[in-house]
Amino acid sequence: MQMKFRREVNQDDIDHVSEILESTGFFYHSEVEIARELAQENIEKGEEKSGYIFNIAEIENMPVGFTTYGKIPGTADSFDLYWIAVHKSHQGKGLGKILMAMAIEHIKMMGGRNIWIETSSRPIYEPTRQFYLKSGCELIAVLPDYYGEKDHKVIFLKKT
């Protein structure tokens, strides 16, 4: 199976983004809807005007993972990593590491120095938090009860 990567987002990708996120069992319905909106905005306005950059990983023309990131308006060189997700059936094979490395490299090429990443403190997200730490991200802050009661916002920083 050959893995391919692309940045162009097409209309079919909106449903693929949903399927990838839903397969993980991590995300609230509202979060999946936000990811769909970002993909739609990328399609309608383009990468530059929407501010949402996607890297989509495909096997046999089927999306199996993606990242979404963009420059934070009003900052000199900071970017947000909005999403990094791999379909449950393809997790544990190093695809997340590849997608993360691609995002970091592209952000660096665009002059980015700081990549801000947020995630949840819920126990299901422990592998995600460990992934960021193993990727060289620094735990910067925890905002208590941010997403809901006992669901804190955990903020990481990756320097490029």
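Residue by residue, segment 147-160 carries 3J(HN,Hα) couplings of 7, x, 4, 6, 10, 7, 8, 10, 10, 10, 10, 10, 8, 8 Hz when phi is fed to the Karplus relation 6.51 cos²θ - 1.76 cosθ + 1.60 (θ = phi - 60°); x denotes Gly or Pro. All alpha carbon pair distances within segment 3-159 were sorted into 10 Å bins beginning at 0; the resulting P(r) in whole percents reads 11, 41, 39, 9, 0. For segment 51-59, 3J(HN,Hα) computed residue by residue from phi via the Karplus equation (6.51, -1.76, 1.60; θ = phi - 60°) reads x, 10, 9, 10, 10, 10, 9, 10, 10 Hz, glycine and proline entered as x. Computed from backbone phi with θ = phi - 60° and the Karplus coefficients 6.51, -1.76 and 1.60, the 3J(HN,Hα) list for segment 108-117 is 4, 4, 8, x, x, 10, 10, 10, 9, 10 Hz; x is used for glycine and proline. Straightening the chain between residue 8 and residue 140 buys 44.3 nm, computed as 0.36 nm per residue apart minus the Cα-Cα spacing. Each part reduced to its alpha carbon centroid, segment 104-160 and segment 10-83 end up 17 Å apart. Most fluctuating residue of 71, 49, 88 in a GNM of the chain with Cα springs under 10 Å: which is it? Sorting by GNM fluctuation, first place goes to 49. With 24 Å as the limit on Cα-Cα distance, the pairs of 49/108; 49/88; 45/159; 93/158 that go past it are 49/88; 45/159. Mean sequence separation of contacting Cα pairs (under 8 Å, at least six apart), scaled by the length of segment 3-159, corresponds to a relative contact order of 18 percent. Could you check which residue among 142, 86, 64 shows the biggest mean-square fluctuation in a GNM of the chain with a 10 Å Cα cutoff? For the chain, modelled as a Gaussian network with Cα springs under 10 Å, the answer is 142. Take each peptide in 127-134, 93-100, count the other Cβ atoms within 10 Å of every residue, and average; sorted highest first, the result is 93-100, 127-134. For the pair residue 22 and residue 45, a Förster radius of 25 Å applied to the C-beta separation gives a FRET efficiency near 0.50, rounded to the nearest 0.05. Ellipticity at 222 nm from helices only: DSSP H runs of n ≥ 4 in the chain, each -39500 (n - 2.57), divided by the residue count, give -12500 deg cm²/dmol.
A short reminder: the numbers here are calculations on the coordinates, not readings from a lab. For clarity, every value in this text was computed on a predicted model and none was experimentally measured. FYI the Cβ positions are ideal-geometry reconstructions off the backbone, even for glycines, and counts take in every protein chain you see.
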